[in-house]
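Just so you know, all these numbers are worked out from the coordinates, no wet-lab data involved. Being a predicted model, the structure only gives us computed values, none of them experimental. For neighbour counting, all protein chains shown are included, and Cβ atoms are generated from backbone atoms with ideal geometry for every residue, glycine included.
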Amino acid sequence: MARLWGKGRFSSWDLRTLDYLKSLGVDYLWLTGIPRHATGMDFVKGDPGSPYAVSDWTDVNPYLADRPEERMKEFSLLVRRVHRKGMKLVIDYVPNHVARDYRGGIVHHDWCDGDWTDTLKNDWSSPQTFGEMLRILRFWKALGVDGFRCDMVELVPAEAMRRLIAAVKEDYPDTMFIAEVYDRGNYRKYVEEVGFDLLYDKSGFYDRLVSLSRGECSARELSWNWQFLSDLQPRMLNFLENHDEIRIASRQGLGSAGRSYAALGVSLLFNDASFMLYFGQEAGEDASESSDGRTSIFNWCCPRSVEHLNCATHIGKGLSDGESAVLDRYRELLGLAKLPVFASGKCWDLCYCNLSSPGFDADRHFVFLRYDGSQTYLVACNFSDKPASFRVAIPRELSPVCPEPSVQMTIGAWDTAVARLR
């Protein structure tokens, strides 16, 4: 969210900011609101307008530049800074619709989907639309953009997206395509047939982790979701927050960042899916300025924790004690997730063999083993408001990577405990 960091300019994403992100383990930086969108019109949502109502696909928003007349140059300099720090840049691609004042070659209807009244539905039956979309993606690739988070792709013909991805990757094979997909029954189709690199796992782990953290479902559902995903897990994108969802620490969410540490442990450490960190989440942003627990993408604002993070990044102070504690916990778990054993090692769900273990609650506790050729870690997550202590039984077939038949684990309420066994 370029306009919500620092002074809301490309230049705010300076080397210190990028160093901070790199220190968290960030590999890809996704900035929403880069392509020029409708603003200052009577149909736009909020003050600046929605970043998903794009009016010009070959321009950037002038308000993001220190010198609007040099905005494309300033964007190119940002791309260079990101690459200089060893990260890659992702922007939004919106194939389903354009702004009502769109200027360009995409053919569109005169109606919109649902209540997206600031947009018009694209007409993918026209060959001109496909040709223009391919030109647009190549335009951004030529500027150095590394990937695209593709909005609401289930509303677009899958065959058109397949052809589009294949055409871009023919010229730029390393391009990352991330799909916003909600129907779990479509996951395999969009990976294996359409060609996306990563998919949101909103309807899988996200929904279950949030429900579990609210006491609304059983931890057993995490095992079921893991089994459902099977070999698709490396192609998933796990998250606890994004621009559509309620802030996890908000009063409408879980009420505090600390109550999300069990969910964070599962999201980061259980499988080898990628993880998306939403800005300010790592400092416990609670969206206290909003009425619905979300950070608005339709208005000018600077969330409190994000402002504090920006100050801490540039002058070395600004975070409250509570924000610092949350950031420290995130750094700890994010650091573990970067280890090869968690990034690409094998996983063994241990819940099934601990159903009768004293103190273990299969509905509130979740335990698993991660291991590779050199390391073994035991992870236990407690989705309960009470501390837990129990011995985790290790099946005999895992003795080559964990010779102990059982391991004692003690976990705080709503927390994750990690033990290195080898």
query = What ³J(HN,Hα) values, in whole Hz, does the Karplus curve 6.51 cos²θ - 1.76 cosθ + 1.60 give for segment 337-343 when θ = phi - 60°, with x put for Gly and Pro?
reply = 4, 7, 5, x, 5, 8, 6
key: Amide proton proximity set for D113, modelled H, under 5 Å, gap of 5+   = K121
ask   = Between D328 and D66, what length in nm is gained on full extension when 0.36 nm per residue of separation is reduced by their alpha carbon distance?
value = 91.0 nm
task = Could you pull out every one of the lysines with an alpha carbon less than 18 Å from that of K45, ignoring same-chain neighbours closer than 8 positions?
result = K121
task = Give the whole-number value, in cubic angstrom per residue, of the convex hull volume spanned by the C-alpha atoms of segment 346-420.
result = 76 Å³
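Among DSSP bridges having both ends in the chain, what percentage is antiparallel? Round to the nearest 5.
Approximately 60 percent, going by the DSSP bridge assignments.
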query = So what are segment 2-343's ellipsoid semi-axes, whole angstrom, largest first, if each one is the square root of 5 times an eigenvalue of the alpha-carbon gyration tensor?
reply = 30, 25, 20
Segment 1-104: GluC sites (Glu not before Pro) in DSSP loop, at most 11 other beta carbons within 10 Å = none
ask   = How much length is gained if the chain between Y20 and H243 is pulled fully straight, taking 0.36 nm per residue apart and subtracting their Cα-Cα distance, in nm to one decimal?
value = 78.2 nm
remark   = Of segment 185-209, those with amide N under 12 Å from the point 7 Å along the Cα→Cβ vector of W224 are 208
key: Kirkwood hydrodynamic radius over Cα pairs of segment 4-123, then Stokes diffusion coefficient at 37 °C and 0.692 mPa s, in µm²/s   = 213 µm²/s
task = Tell me the label-point distance for the pair S126, R138, using the 7 Å Cα-to-Cβ offset, in nm and rounded to one decimal.
result = 1.9 nm
key: For C351, net neighbour charge (Lys/Arg +1, Asp/Glu -1) across residues whose Cβ lies under 13 Å away   = -2
query = Counting other Cβ atoms within 10 Å, which trypsin sites (Lys or Arg not before Pro) in segment 291-364 have at most 11 and lie in a DSSP loop?
reply = K317
remark   = Counting only backbone N atoms under 20 Å from a point 7 Å out along Cα-to-Cβ of Y352, the residues of segment 233-263 in range are 233-234
query = Which whole-Hz couplings ³J(HN,Hα) result when phi for each residue of segment 317-328 is put into the Karplus expression 6.51 cos²θ - 1.76 cosθ + 1.60, θ = phi - 60°, listed in order with x for Gly and Pro?
reply = 8, x, 7, 6, 4, x, 5, 5, 5, 5, 4, 4
task = With θ set to phi - 60°, apply the Karplus curve 6.51 cos²θ - 1.76 cosθ + 1.60 along segment 374-379 and write out the HN-Hα couplings as whole Hz, x wherever there is a Gly or Pro.
result = 10, 9, 9, 10, 9, 10
query = Once the Cα atoms of helix 127-142 and of the chain are each reduced to a long axis, what angle between those two axes, in degrees from 0 to 90 to the nearest 10, is obtained?
reply = 70 degrees
ask   = In debye, nearest 20: dipole of segment 2-343 around its Cα centre with unit charges on the Cβ of K, R (+) and D, E (-)?
value = 820 debye
inquiry  = Which chymotrypsin sites (Phe, Trp or Tyr not before Pro) in segment 243-328 sit in a loop by DSSP (not H, G, I, E or B) and have at most 12 other Cβ atoms within 10 Å of their own Cβ?
reply    = W300
remark   = Amide H neighbours of M236 at under 5 Å, excluding residues fewer than 5 places away on the same chain, with H built from the backbone geometry, are L199, S274
For segment 281-422: span of alpha carbons on each principal axis (Å, largest first) = 57, 31, 28
message = Only counting other Cβ atoms within 10 Å, I'd like C311, C301 sorted with the fewest neighbours first.
response = C311, C301
remark   = For the D321, R251 Cβ pair and Förster radius 22 Å, calculated FRET efficiency rounded to 0.05 is 0.60
